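J.: After the structure tokens below, expect a handful of questions from me.
No value in this document is a laboratory result; all are computed from the given coordinates. Since we're looking at a predicted model, the values are computed, not measured. We place every Cβ from the backbone using ideal geometry, glycine too, and count neighbours over all the protein chains shown.
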Amino acid sequence: MQVKQTKTLQCKPLKEAIHSPGEFLFSDFSKFGRSEVIHLAFQALDQFYSKHNCYPEPHYENHAQEFLNYAKVIIILLFFFLFIIK
């Protein structure tokens with residue numbers, strides 16, 4: 001009989017982890033980089049929801065474009081903070 005040992009995880013506070021997530025766990029190595037893209041997409045989705053108090057409508061070009069603009073701004077800010085400030 002096998003008994004699983006408990007493991008205590010130490011996590012950052014959510015406010016800190018959103019802006020600096022650290023390392024991602026890889027569950028599928030064939031989708032390398034996907035975790036970062038999903039993290040970025042959820043940040044852009046949160047920005048959209050904060051402004052409109054709703055999520056982007058499917059097949060609505062204006063919502064899609066605004067969502068992509070949020071994602072592009074987040075990428076630019078991440079690049080700036082990771083490579084310019086350091």
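J.: Could you calculate the contour length gain from LYS7 to ASN62, that is, 0.36 nm times the residue separation minus the distance between their Cα atoms, to one decimal place in nm? Mind dumping the intermediate values first?
T.: Numbers: separation 55, 0.36 × 55 = 19.80 nm, distance 4.62 nm.
The LYS7-ASN62 span can extend by a further 15.2 nm.
J.: Could you name the aspartates and glutamates in cross-link range of LYS12, using Cα to Cα under 20 Å and dropping any fewer than eight places away on the same chain?
T.: Output for LYS12: GLU23, GLU36, ASP46.
J.: Helix 34-52: angle to the longest alpha-carbon principal axis of the chain, degrees 0 to 90, nearest 10?
T.: So the inclination is approximately 50 degrees.
J.: In the chain, once you exclude exposed chymotrypsin sites (Phe, Trp or Tyr not before Pro) (DSSP loop, at most 16 other Cβ within 10 angstrom), what's the longest stretch remaining?
T.: The longest uninterrupted stretch comes out as 33-59.
J.: Angle between the Cα long axis of helix 61-79 and the longest principal axis of the chain, 0 to 90 degrees, nearest 10?
T.: 60 degrees
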